[in-house]
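Encoded as structure tokens, the structure appears first; notes follow it.
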Amino acid sequence: MSGDNIYGIGPLVRVEQATVPDTGAAGTVNGPWIDRLASGNKFDSCVLDLSVGATSGSPDSFTADAKLQDASDSGGSDAADYQPDGTAASGKVTQITAASSHSRKSIDLNKAKQYVRVVKVIAFVNGSSPKIPNAATLIFGGAQTKPAQSDT
């Protein structure tokens, strides 16, 4: 495939597993730090997608939240919630309260530091050891140059 041709959207985006899919007991999960410059490009936007499955353990209700944090280094020494427009909601997906659904949020990364990660918070009301399968994905776009092509 020629580097000058674009076949589909694949060469224009970078998809990263923001959190490992898990069975989702109540609590907070910090995803790994992702280097926005790792591929030699600076990505200026992303979509944060949070998906949940069916609940188990008969909870009366649940909430699933995900937000983006940024930092200058891969250790997160200066980690903070990323708020591109100064509001907490601007770096956060819409709260999920329905099983087998997902929510996504488009986020401007122009003000973000080099490293970003997703933080998920799952909470339940009542139930017997309730759980909900869940996963978060980051889809980066808006690179300053076309990302290197890969078949992987």
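The values are calculated or read from the model by the stated rules, or taken from the named source; none is laboratory data. Only a predicted model underlies this, so the values are computations on that prediction, with no experimental measurement involved. Glycine gets a Cβ as well: all are built from the backbone with ideal geometry, and neighbour counts include every protein chain shown.
Brief remarks on what is shown
- Scanning segment 1-22 for residues that are modelled with pLDDT under 90 and not aliphatic (A, V, I, L, M) yields 2, 3, 4, 5, 7, 8, 10, 11, 14.
- Restricting attention to segment 44-75, the residues that are more than 29 Å from residue 125 (Cβ to Cβ) and in contact with a Phe, Trp or Tyr (Cβ under 6 Å, 6 or more places away or on another chain) add up to 4.
- Filter result for residue 72 (out of contact with any strand residue (DSSP E or B) (no Cβ under 8 Å at 6 or more places or on another chain) and at pLDDT 95 or above): no
- Test result for residue 103, closer than 20 Å to residue 139 by Cβ and either more than 13 Å from the chain's Cα centre (by Cα) or modelled with pLDDT of 95 or more (or both): yes
- Every pair of residues 6+ apart whose Cβ atoms lie under 7 Å, when the first sits in segment 14-33 and is within 27 Å of residue 128 (Cβ to Cβ) and aromatic (Phe, Trp, Tyr) while the second is surrounded by 14 or more Cβ atoms within 10 Å (Cβ to Cβ) and at pLDDT 95 or above: none
- The residue of segment 124-150 that is modelled with the lowest pLDDT, among those that are loosely packed, with under 15 Cβ neighbours inside 10 Å and out of contact with any helix residue (DSSP H, G or I) (no Cβ under 9 Å at 6 or more places or on another chain), is 145.
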